[in-house]
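Beneath this line is the structure, given in structure tokens, with notes to follow.
The values are calculated or read from the model by the stated rules, or taken from the named source; none is laboratory data. Quantities reported herein were computed from a predicted structural model and do not represent experimental measurements. As a convention, Cβ positions derive from the backbone with ideal geometry for all residues, glycine included, and neighbour counts pool all protein chains shown. Protein only, heavy atoms only, side chains kept; ligands, DNA and RNA dropped before computing areas. Shrake-Rupley method; radii C 1.70, N 1.55, O 1.52, S 1.80 Å.
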Amino acid sequence: MKVLLPASEVAPIIKLGGLGDVVGSLPKALAELGVNVDVIVPFYPFAKVENLKLYKSLELNVPYEGTNVPVEVYKTKLPDSDVDVILLKNHKYFSDYGKKKSVGEISEIDMFSFFDRAVVEYIKSGFNTYDLIHCNDWHTGMITHLLSDELEKSRPATLFTVHNLLYQGISSADLINDLGIIPGMHPLIDWDIADGDINFMQQGITSSDFVNTVSPTYAKEILTEEYGGSFADILKAREGRLMGILNGIDYTSFPREFNESNWQEIKPKLKSRLIKEFELDNDGSKPIISFVGRLDPNQKGLDILCEALPNILDQDVNFVLLGDGDDVWKQKLLDISKETKYKGNLGLKLAFDVELAKSIYSGSDFLVVPSKYEPCGLIQMISMWYGTLPVVRDTGGLKDSVKDGKTGIKFTDYKSESLFDAVKKAKDIFYGPAMVEMVNAAIREDFSWKKSAMSYSDLYKKVVQLRLDALK
Ligand code: GLC
């Protein structure tokens, strides 16, 4: 089985978010099961390739905007693996994306529209030898359509993974001209553009052979109006061809200074280090509760967190927050942190800092993840590995990975009071007899990719078979 996996990022070469972690680790786990996956991504100038063997393998002429656009195809390997990474280079379309939303004339959607076209040219240039194309999120949403359009019966099978339904990639319908799609000839496109715009997520979902998402619970949630919004009906129409597979994590990316048998000895030292780092008023006897993540007000629960924070801080606990993102919420957090009464109890760093994040995971007692929705979420798994109990909202992948009262604490309602109650529960656990047993249980959990990679391998086989059956 040979699979091509197009995506917008692949860690550690291009790492912008959780998607990059998944794309950088799943293919390695699949390789161990004998499934051969090539990853294909745009070659941004900030891609970390300095220490990698990189070579140019070919040049493509990609028909786009009515001309032929040259693309240089580079190849390298994912570090510590035999997984091929294909990087598509073009200065005009793939410039310094990631830091900004758009660069010069090229918007994010133009960039990925071009990427999708280029990926299809790449598949054709390799004599169409892939059995399956595994697309990821809206950035790859036009690939499945273009493949059907151009290769028709000889196209490979297609799987589309939804990592986050909220971000859909919407553009004015004119974009289809750049892609060389002629209106009036494609029912799924015509249906989509009837309202004047094209939606890449919708294209990926409707034109692929199978759809999956990154946890079983999120796969069910997105069929409801509350989580799926206008996509609930579109997804319901695909219900027999939709499933959820929980992401795993690559434990080798998270070195740990302790293990199951000595955490009680080592973790307090890591806690002291964290106390020093954030100048907290704590001799180690008070709990440290943390938040680490993208400051995305639509998803990560910042509104209920900011509302609950004053009450939480009145509980004689320390709160540490590390994150970057939305400016409005950054300012709100700064305002709270300026209040003198919270000095020594609140540690705030508004930045993206992978190393500091690891110190927080390992030095804290609890990690809150109050997400409004969470397709999978990786930090609750990482925090358990570091013996830090997750306090999570009972949704999506958080629901599927945390066991309430055993490996963490869950709350249901998306309300600051419910979050606050959960934090109070955490505090009681910290001072009570259950803490040690819960940390032991959390540390013993295994979220390595092994199981999930097996599910992907089975799904790949199933989707390829469905495609063969459809051709009979
Ligand atoms: C997105 C989702 C997150 C998920 C990640 C990887 O970032 O928001 O929940 O863990 O993708 O699939």
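For the reader, a short list of remarks on this structure follows.
- Only one of the numbered conditions (1) among the aliphatic types (A, V, I, L, M); (2) farther than 22 Å from Glu260 by Cα; (3) within 15 Å of the ligand (Cβ to nearest atom) is not met by Ile382, and that is (2).
- Looking only at residues of segment 68-118 that are out of contact with any Asp or Glu (no Cβ under 7 Å at 6 or more places or on another chain) and among the acidic types (Asp, Glu), we find that the one that is modelled with the lowest pLDDT is Glu105.
- Filtered residues of segment 401-411 (kept if crowded, with 19+ Cβ neighbours inside 10 Å and either among the acidic types (Asp, Glu) or in contact (Cβ under 8 Å) with a residue 60 or more places away in the chain (or both)): Ser401
- All conditions in (1) of a type outside the set (Val, Ile, Thr); (2) more than 16 Å from the ligand (Cβ to nearest atom); (3) free of Cβ contacts under 8 Å to residues at least 60 places away in the same chain hold for Tyr167, with the sole exception of (2).
- Just one of (1) open to solvent by less than 60 Å² (accessible area, probe 1.4 Å); (2) within 16 Å of the ligand (Cβ to nearest atom) fails for Val317. It is (2).
- Filtered residues of segment 107-122 (kept if in contact (Cβ under 8 Å) with a residue 60 or more places away in the chain, crowded, with 23+ Cβ neighbours inside 10 Å and among the aliphatic types (A, V, I, L, M)): Val119
- Leu26 vs. criteria aliphatic (A, V, I, L, M), surrounded by fewer than 24 Cβ atoms within 10 Å (Cβ to Cβ) and in the same structural domain as Gln168 (by TED's automatic domain parsing): no
- Lone unmet requirement of (1) hydroxyl-bearing (Ser, Thr, Tyr); (2) at pLDDT 95 or above; (3) open to solvent by 20 Å² or more (accessible area, probe 1.4 Å) for Thr140: (3)
- In segment 179-197 there is no residue matching the filter, namely being within 26 Å of the chain's Cα centre (by Cα), part of a loop (DSSP other than H, G, I, E, B) and surrounded by fewer than 21 Cβ atoms within 10 Å (Cβ to Cβ).
Yes/no per residue for (1) of a type outside the set (D, E, K, R); (2) open to solvent by 20 Å² or more (accessible area, probe 1.4 Å):
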position: Met201; (1), (2): yes, no
position: Pro255; (1), (2): yes, yes
position: Lys271; (1), (2): no, no
position: Lys276; (1), (2): no, yes
position: Gly301; (1), (2): yes, no
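- Subset of segment 155-178 (residues that are open to solvent by 10 Å² or more (accessible area, probe 1.4 Å) and under 13 Å from Val120 (Cβ atoms)): Arg155
- Only one of the numbered conditions (1) away from the ligand (no atom under 16 Å from the Cβ); (2) buried (at least 19 other Cβ atoms within 10 Å of the Cβ); (3) not in a strand (DSSP E or B) is violated by Gly34, and that is (2).
Each row is one residue, and each column tells you yes or no for (1) in contact (Cβ under 8 Å) with a residue 12 or more places away in the chain; (2) part of a helix (DSSP H, G or I); (3) crowded, with 19+ Cβ neighbours inside 10 Å.
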residue: Lys372; (1), (2), (3): yes, no, yes
residue: Pro375; (1), (2), (3): yes, no, yes
residue: Met381; (1), (2), (3): yes, yes, yes
residue: Gly387; (1), (2), (3): yes, no, yes
residue: Lys399; (1), (2), (3): yes, yes, yes
residue: Asp413; (1), (2), (3): no, no, no
residue: Val439; (1), (2), (3): yes, yes, yes
residue: Lys462; (1), (2), (3): yes, yes, no
residue: Leu466; (1), (2), (3): yes, yes, no
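- Filtered residues of segment 233-258 (kept if of a type outside the set (D, E, K, R), away from the ligand (no atom under 16 Å from the Cβ) and in a loop (DSSP other than H, G, I, E, B)): Ala237, Pro255, Phe258
- Looking across segment 441-460, the residues that are in a helix (DSSP H, G or I) and among the hydroxyl-bearing types (Ser, Thr, Tyr) come down to Ser452, Ser455, Tyr456, Ser457, Tyr460.
- The residues of segment 1-23 that are away from the ligand (no atom under 14 Å from the Cβ), open to solvent by less than 10 Å² (accessible area, probe 1.4 Å) and either touching a Lys or Arg at 6+ places or on another chain (Cβ under 7 Å) or polar (S, T, N, Q) (or both) amount to a single one, Ile13.
- Scanning segment 425-436 for residues that are among the charged types (D, E, K, R) and open to solvent by 80 Å² or more (accessible area, probe 1.4 Å) yields Lys425, Asp428.
- Among the residues of segment 327-347, those that are of a type in the set (Val, Ile, Thr) and touching a residue at least 12 places away in the same chain (Cβ under 8 Å) comprise Val328, Ile336.
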